[in-house]
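We did not get these values from a lab; they are worked out from the coordinates using the rules stated. None of these values were measured; they are calculated from a predicted model. FYI the Cβ positions are ideal-geometry reconstructions off the backbone, even for glycines, and counts take in every protein chain you see.
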Amino acid sequence: MENAPLTTTLLAAQADQAFFGPAWHGPSLLPTLKKLKAAEALGASPFEGYTAWGVALHTGYWKYRGLVLLAKASKGAIPQPGRFFRGPADWPALPDPAHEAAWKEDVDQLVEVHQAWKTGLEFFPHQLWDRPVRSDGTTAAEVAFGVAAHDLYHTAQIRNMGIKPF
């Protein structure tokens, strides 16, 4: 991204801080998830019926949906992504059985989704950042900022579930 426009550079940096860290505000999503074992991610203190594992998959799904929106708006600069690695949409089902190897695999898949998202940000035409990509008028830049904020929101949510590593 050596010669990328400032907006693209900032959006990509924000995405990485929210997901990989380090970030000035505190914990980021991936380091939070990596502290958890599968049993902890399945947690005894689910938020609104969702476990930390479920919330983690939800963050990945909405990053994927953001990429779909950017791809549609990019005028061919970003290819449409394939299907999300778990279904159904929004709150994907946990693997059955849910065990340590499956947890690690899902976390690895979330890293891949993030990398695809970041590539999408980097290839999105900078002149289209202010273009609406949703019927409510949300722009491509707002989606990009929103995806990073969504990661951070759910990082705090996971950390406040009362799971022992925190």
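Among the residues of the range 110-166, count how many are among the charged types (D, E, K, R) and within 22 Å of Gly26 (Cα to Cα). Lay out the reasoning, then the answer.
Residues of the range 110-166 among the charged types (D, E, K, R): 112, 118, 122, 130-131, 134, 136, 142, 151, 159, 164.
Those still in the list that are within 22 Å of Gly26 (Cα to Cα) too: 118, 151, 159, 164.
Matching residues across the range 110-166 total 4.
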Which residues, taken from the range 131-156, are of a type in the set (S, T, N, Q) and under 11 Å from the mean Cα position of the chain (by Cα)? Thr155
Search the range 72-111 for residues being touching a Pro at 6+ places or on another chain (Cβ under 8 Å) and of a type in the set (Lys, Arg), and hand back the single one that is farthest from Phe19 (Cα to Cα). Lys75
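Rundown of residues vs (1) touching a residue at least 60 places away in the same chain (Cβ under 8 Å); (2) within 19 Å of Lys34 (Cβ to Cβ), yes/no style:
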residue: Leu57; (1), (2): no, yes
residue: Ser74; (1), (2): no, no
residue: Phe85; (1), (2): no, yes
residue: Val107; (1), (2): yes, yes
residue: Leu128; (1), (2): no, no
residue: Pro132; (1), (2): no, no
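Could you tell me which residue of the range 45-94 is nearest to the chain's Cα centre (by Cα), considering only residues that are β-branched (Val, Ile, Thr) and over 26 Å from Met161 (Cα atoms)?
The selected residue is Val68.
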Do we have any residue at all in the range 118-130 that's under 19 Å from the mean Cα position of the chain (by Cα), under 17 Å from His150 (Cβ atoms), aliphatic (A, V, I, L, M) and assigned to a helix (DSSP H, G or I)? yes
